[in-house]
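Structure first, then comments.
The values are calculated or read from the model by the stated rules, or taken from the named source; none is laboratory data. Bear in mind that the values here come from a model prediction, so they are computed numbers and not experimental data. Methodologically, a virtual Cβ is constructed for each residue, glycine included, from the backbone with ideal geometry; neighbour enumeration extends over all protein chains shown. We work out accessible area using only protein heavy atoms, side chains counted, and drop any ligands, DNA or RNA first. Shrake-Rupley method; radii C 1.70, N 1.55, O 1.52, S 1.80 Å.
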Amino acid sequence: KISKEHTSKILSLMKQTLSYCVTQGVIKHNVLNELEYKRNKPKPIVALTELELEKLESFEFKKHSHNLVRDLYLLCCYTGLCYIDLMNFDKEKLKEIDSIKIYDCKRQKSGTEAIIPLNKKAILLFTKYNFEIPKICNQTFNK
């Protein structure tokens with residue numbers, strides 16, 4: 001009862017493992033080399049609408065931790081930063097150019113430099129936390 005995508009991923013990992021075994025002389029032949037399997041096309045990315053963002057902004061959760069995650073998620077939406085880059089946020093990297101606040105950082109995953117102009121909503125959320133982003137683990141954030 002597993003999906004086609006999950007099966008394809010498992011077969012891909014098994015094929016890599018068996019190929020490694022062939023190169024190490026553990027086995028003579030990778031039986032999965034003859035196997036052909038097709039993965040589904042990736043699902044399209046669907047962005048939140050402005051109305052959905054506004055609903056999320058105004059919704060008050062009963063738990064403080066849920067409100068915190070909401071704020072962090074909104075910061076991800078408003079800045080384009082992923083979770084790890086948001087957790088690495090450094091207020092020393094904030095600059096102002098022509099009265100526009102920008103965040104100049106190096107993305108962790110790709111190592112590329114990013115210059116991100118901050119809109120009013122992002123600035124309000126950063127100000128709410130005094131430009132000190134509360135640290136939460138990725139598991140809690142995703143939950």
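When the solvent-accessible area of the chain is split by element, carbon and sulfur atoms take up 58 percent of it, the probe being 1.4 Å.
When each of the peptides 102-109, 18-25 is scored by how many other beta carbons lie within 10 Å of its residues on average, the order from highest to lowest is 102-109, 18-25. Over all Cα atoms in the stretch 24-107, the spread is summed up by Rg and Dmax: 22.1, 66 Å. For LYS93 and PHE61, the difference between the fully extended length at 0.36 nm per residue and the C-alpha to C-alpha distance is 8.4 nm. For the listed peptides 114-121, 92-99, 127-134, 79-86, a ranking on the average number of other beta carbons within 10 Å per residue, highest first, reads 79-86, 114-121, 127-134, 92-99.
Restriction of the GluC sites (Glu not before Pro) in the stretch 4-51 to DSSP coil positions whose beta-carbon has at most 11 other beta-carbons within 10 angstrom yields GLU36. Looking at the stretch 1-80, the trypsin sites (Lys or Arg not before Pro) that sit in a DSSP loop and have at most 12 other Cβ atoms within 10 Å of their own Cβ are LYS1, LYS28, LYS38, ARG39, LYS62, LYS63. Mean projected area of the Cα convex hull of the chain, taken over all directions, amounts to 13.8 nm².
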